[in-house]
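Q: Just passing along the structure, written as structure tokens.
The values are calculated or read from the model by the stated rules, or taken from the named source; none is laboratory data. Note that this is a predicted model, so its numbers are computed, not measured. Glycine gets a Cβ as well: all are built from the backbone with ideal geometry, and neighbour counts include every protein chain shown. Quick note on the areas: whole protein, heavy atoms, side chains included, nothing else; ligands and nucleic acids left out. Shrake-Rupley method; radii C 1.70, N 1.55, O 1.52, S 1.80 Å.
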Amino acid sequence: MDHMKPTKSGSYFHQIVNAVLLAGVIIFFIGAYYCVIKAGIPYQDAPPELQLQYAVNMGIGEALVKNGFLIFVGAGIVRLLIRLVLKKRQRK
């Protein structure tokens, strides 16, 4: 079997990693939307209901930004490791 030609399972694995990368970016931007647009700048002397709404939206946004970033970085590392392993196999 030719080692230069990608296998069908390898192609599927690359698509999965690319999808996870894209999901990380999308989750990150949804979190940024929650932080910037939904939560926005807190009101000065706001009633407790608005303070609670701000805290909830900001908490959701922060969690989404953190998780989106971690998913993106993790998938990027996996993608890099796969490339290194495949290059090492091709050299043999």
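Q: Only one of LYS92, LYS5, LYS87, LYS66 is among the basic types (Lys, Arg), at pLDDT 95 or above and open to solvent by 100 Å² or more (accessible area, probe 1.4 Å); which? Walk me through it before giving the result.
A: On the way: LYS92 fails: at pLDDT 95 or above; LYS5 fails: at pLDDT 95 or above; LYS87 fails: at pLDDT 95 or above.
Being among the basic types (Lys, Arg), at pLDDT 95 or above and open to solvent by 100 Å² or more (accessible area, probe 1.4 Å) holds for just one of LYS92, LYS5, LYS87, LYS66, which is LYS66.
Q: Of everything in segment 10-67, what is of a type in the set (S, T, N, Q), farther than 30 Å from GLN90 by Cβ, without any contact (Cβ under 8 Å) to a residue 24 or more places away in the chain and assigned to a helix (DSSP H, G or I)? Give them in sequence order.
A: If the condition is that a residue be of a type in the set (S, T, N, Q), farther than 30 Å from GLN90 by Cβ, without any contact (Cβ under 8 Å) to a residue 24 or more places away in the chain and assigned to a helix (DSSP H, G or I), then GLN51, GLN53, ASN57 are the ones that fit.
Q: Still on this model: Can you pull out the residues in segment 21-34 that are within 10 Å of the chain's Cα centre (by Cα) and open to solvent by less than 60 Å² (accessible area, probe 1.4 Å)?
A: Matches in segment 21-34: LEU21, ALA23, GLY24, VAL25, ILE27.
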